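Undergrad: Input: one structure, supplied below.
The values are calculated or read from the model by the stated rules, or taken from the named source; none is laboratory data. From a predicted model like this one, the values you see are computed outputs, not experimental measurements. No Cβ is skipped: glycine too gets one built from the backbone with ideal geometry, and neighbour counts run over all protein chains shown.
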Amino acid sequence: MLTHIVVKHFAIVDYLELSLDAGMTVLTGETGAGKSILIDALGLALGDRADSDVVRHGCSRAEINASFSIDDHNDAQAWLKEHDLDDDDNCIIRRTIPKDGRSKGYINGTPVPMQLLRELGEKLIDIHGQHEHQSLMRPGMQRQMLDEFGEHQPLLQELQTIYQQWRDASDELAALTAAASERASRIDFLEFQVTELSTLNPQDDEFTSLEAEHKRLANLQTLQQSAHSILASLSEAEQGSAEQLLSQAASTLQPLVDVDDKLDSIATTLNDALANVEDAGRELRHYLDSLESDPSRFDEVEQRLSALIDVARKHHTEPDKLPELFETLQTELQSLQHSDTQLQHLQSAIDDASKQYRKVARQLSSKRKTTSTRLAKQVTDAMQELGMQGGIFEVALGGIDDGAFSPAGMERIEFMVSANPGQPLKPLNKVASGGELSRISLAIQVASAHTSYIPTLIFDEVDVGIGGGVAEIVGQQLKMVGHSRQVMCVTHLAQVASQAQQHLHVSKSHENDSTATSIQQLDEPEREQEIARMLGGVEITPQTLAHAKEMLDNACRADSVTSLNQQRKA
């Protein structure tokens with residue numbers, strides 16, 4: 001739910017900071033005070049289109065920060081985690097609108113495009129009234145609400161799994177079928193390539209090994225001459241070889257070790273050096289023995305390298321990649337040669353999935369039909385209580401064109417409404433009056449309060465055109481929804497305002513040729529004054545004040561009764 005909001009330099013708001021509670025909150029105030037300004041700010045925070053005109057006069061930018069508690073909101077948590085924006089159970093949305101330049105959005109401190117703000121916002125707040133965040137206007141949300149109301153999720157999830165299996169097999173079959181006309185020529189071409197590579201038979205690391213051998217054979221004479229010269233210097237020269245000189249030095253030094261033992265380590269070093277020279281000489285002799293001249297081997301290596309390079313060039317690859325290419329072409333050839341069997345297997349999988357899909361889809365359709373009748377009755381009954389006598393609500397279930405499969409089932413779902421007696425049923429998004437739309441939305445929310453997942457509902461102008469007992473019922477219905485979710489309502493009716501657990505008062509002030517709107521939370525005495533003002537106008541009489549106190553006391557007693565009943569049920 002929404003827990004905190006800060007608004008800076010927005011429209012006629014200089015600075016506004018509010019903490020919000022669970023349950024029902026109302027915003028009241030004089031006409032023209034800007035009661036909807038908080039909702040407008042929230043809409044921008046949640047990705048609504050922004051205009052630089054919303055920036056307060058004389059300021060460089062407007063800023064809105066909204067904090068939400070999502071510890072029990074699994075859908076929002078999963079969305080944040082999916083987009084790498086999660087931060088424990090915190091969710092802070094920030095929107096800045098500069099006077100000049102593009103606005104920016106942030107989620108938990110990370111810059112994000114407006115689309116992501118809107119996606120997340122639709123999971124956190126639903127605004128009812130003439131605003132963009134009316135999720136009930138979207139057919140997809142209407143279907144989701146019906147399925148949640150009827151607890152169809154397990155069946156819907158099973159249907160979606162089957163649909164995905166059918167879709168995957170269908171896509172693979174389509175791809176194979178599209179390639180069928182080219183398959184024969186492709187097989188001929190692959191057979192030629194595979195035969196050529198099979199004859200060549202390239203081996204892993206062969207090219208690298210041949211390159212090294214070719215380099216050695218090409219420089220054989222230089223290697224032999226250098227090795228002979230080094231061997232002579234080490235041990236085979238008649239005079240002055242390293243081995244002779246080290247041997248003489250070691251022999252001369254050895255008797256002196258008995259005279260001065262400090263020479264012992266030097267003698268050891270000389271003996272080690274002599275041994276190393278002798279080892280080097282032996283290894284050089286073995287190396288020279290291995291450097292036998294073999295002109296035919298040099299030709300073989302050169303021809304093999306040329307063959308590998310030529311074939312690699314034809315296939316536009318590197319010579320050392322030929323073994324990998326050979327394996328890839330063999331795999332593709334085998335797949336094409338056995339594609340008839342694969343096509344039969346895929347068609348069988350599609351037929352099985354189609355049969356299973358229709359079976360589960362029919363079950364879901366049957367449940368939706370039953371649920372739609374139950375939801376329609378509950379919403380229609382609620383509409384009568386909300387001052388829309390004679391109004392009718394229905395759920396239209398229409399078939400998808402050509403009986404096509406979809407992950408959501410085989411029917412379109414659309415909420416239909418007739419707000420007044422004698423009027424034909426129309427789609428919910430065709431309802432003209434903002435007040436009627438808000439009350440219809442309230443009726444739907446009341447009916448589905450135990451199933452909807454959006455934690456915060458905002459109703460703007462929900463009480464337009466009503467009064468008296470109907471207004472009190474509207475307030476009671478809003479409070480009832482507030483038992484399971486956070487509800488905010490902009491109202492001008494005392495009957496609605498008196499039902500709230502939290503009361504915010506919006507006021508406008510003028511100072512130094514400047515206008516500013518502020519919002520403050522009212523305590524009980526202040527609430528009595530505000531309710532009395534809403535009841536009696538400019539002059540608040542003792543009778544009006546007593547009436548306001550009575551309304552608040554009655555609402556408080558109703559809360560106590562509701563709480564007691566809930567405890568008894570528990």
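Undergrad: Can you confirm whether Asp100 is closer than 27 Å to Val481 by Cβ, touching a helix residue (DSSP H, G or I) at 6+ places or on another chain (Cβ under 8 Å) and not β-branched (Val, Ile, Thr)?
TA: When the stated conditions are applied, Asp100 does not pass them.
Undergrad: Based on this model, can you work out whether Ser296 counts as without any contact (Cβ under 8 Å) to a residue 12 or more places away in the chain, surrounded by 11 or more Cβ atoms within 10 Å (Cβ to Cβ) and out of contact with any Leu (no Cβ under 6 Å at 6 or more places or on another chain)?
TA: no
Undergrad: Specify which of the listed residues (Asp205, Asp171, Asp147) is surrounded by 13 or more Cβ atoms within 10 Å (Cβ to Cβ) and either of a type outside the set (A, V, I, L, M, F, W, C) or touching a strand residue (DSSP E or B) at 6+ places or on another chain (Cβ under 7 Å) (or both).
TA: Exactly one of Asp205, Asp171, Asp147 is surrounded by 13 or more Cβ atoms within 10 Å (Cβ to Cβ) and either of a type outside the set (A, V, I, L, M, F, W, C) or touching a strand residue (DSSP E or B) at 6+ places or on another chain (Cβ under 7 Å) (or both), namely Asp147.
Every residue, every condition in (1) closer than 18 Å to Phe459 by Cα; (2) in contact with a Lys or Arg (Cβ under 7 Å, 6 or more places away or on another chain); (3) in a loop (DSSP other than H, G, I, E, B), yes or no:
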residue: Tyr15; (1), (2), (3): no, yes, no
residue: Ala22; (1), (2), (3): yes, no, yes
residue: Lys35; (1), (2), (3): yes, no, yes
residue: Gly43; (1), (2), (3): yes, no, no
residue: Ala50; (1), (2), (3): no, no, yes
residue: Gly58; (1), (2), (3): no, no, yes
residue: Ile64; (1), (2), (3): no, yes, no
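Undergrad: How about the range 208-225: which of its residues are under 58 Å from the mean Cα position of the chain (by Cα), modelled with pLDDT under 85 and loosely packed, with under 11 Cβ neighbours inside 10 Å?
TA: Correct list: empty.
Undergrad: Can you find, within the range 27-65, the residue that is nearest to the chain's Cα centre (by Cα) among those that are over 12 Å from Val7 (Cβ atoms), surrounded by 18 or more Cβ atoms within 10 Å (Cβ to Cβ) and charged (D, E, K, R)?
TA: If we take residues in the range 27-65 being over 12 Å from Val7 (Cβ atoms), surrounded by 18 or more Cβ atoms within 10 Å (Cβ to Cβ) and charged (D, E, K, R), then Asp48 is nearest to the chain's Cα centre (by Cα).
Undergrad: Can you tell me which residue among Ala408, Ala396 is more than 26 Å from Gly468 (Cβ to Cβ), in contact with an Asp or Glu (Cβ under 9 Å, 6 or more places away or on another chain) and not in a strand (DSSP E or B)?
TA: Ala408
Undergrad: May I pose another question? Tell me yes or no: at least one residue of the range 364-376 is free of Cβ contacts under 8 Å to residues at least 40 places away in the same chain and more than 30 Å from Gly469 (Cβ to Cβ).
TA: Scanning the range 364-376 turns up at least one residue that is free of Cβ contacts under 8 Å to residues at least 40 places away in the same chain and more than 30 Å from Gly469 (Cβ to Cβ).
Undergrad: Here's another thing I want to ask about it. Count, please, the residues in the range 223-258 that happen to be of a type in the set (A, V, I, L, M) and touching a residue at least 12 places away in the same chain (Cβ under 8 Å).
TA: Number satisfying all stated conditions: 10.
Undergrad: Then there's this: Can you tell me which residues in the range 256-293 are surrounded by fewer than 14 Cβ atoms within 10 Å (Cβ to Cβ) and polar (S, T, N, Q)?
TA: Within the range 256-293, Ser265, Thr268, Thr269, Asn276, Ser290, Ser293 qualify.
Undergrad: Every residue in the range 512-547 that is acidic (Asp, Glu) and either touching a strand residue (DSSP E or B) at 6+ places or on another chain (Cβ under 7 Å) or over 30 Å from Val55 (Cα atoms) (or both), please.
TA: Asp523, Glu524, Glu526, Glu528, Glu530, Glu539
Undergrad: Here is a list of conditions, (1) more than 30 Å from Ile39 (Cα to Cα); (2) part of a helix (DSSP H, G or I), and Lys123 meets all of them except one; can you say which number that is?
TA: (1)
Undergrad: If you don't mind, there's one more thing I want to ask. Which pairs have Cβ atoms under 7 Å, sit 6 or more apart or on different chains, and link a residue in the range 46-75 that is at positive phi to one that is assigned to a strand (DSSP E or B)?
TA: Within 7 Å, the pairs are Gly47/Gly105.
Undergrad: Go through (1) of a type outside the set (A, V, I, L, M, F, W, C); (2) assigned to a helix (DSSP H, G or I); (3) assigned by TED's automatic domain parsing to the domain that holds Lys314 one by one and return the number of the condition Asp188 breaks.
TA: (3)
Undergrad: Additional query: Checking Ala76 against (1) among the small types (Gly, Ala, Ser); (2) buried (at least 19 other Cβ atoms within 10 Å of the Cβ); (3) farther than 15 Å from Leu124 by Cβ, which single condition isn't satisfied?
TA: Result: Ala76 fails condition (3) only.
Undergrad: Could you tell me which residue of the range 174-197 is modelled with the lowest pLDDT, considering only residues that are of a type in the set (S, T, N, Q) and surrounded by 12 or more Cβ atoms within 10 Å (Cβ to Cβ)?
TA: Taking the candidates together, the pick is Thr177.
Undergrad: Let me ask you something else. Go through the range 329-356 and give me each residue that's over 30 Å from Glu158 (Cα atoms) and assigned to a helix (DSSP H, G or I).
TA: Listed by number, the residues that qualify are Leu329, Gln330, Thr331, Glu332, Leu333, Gln334, Ser335, Leu336, Gln337, Ser339, Asp340.
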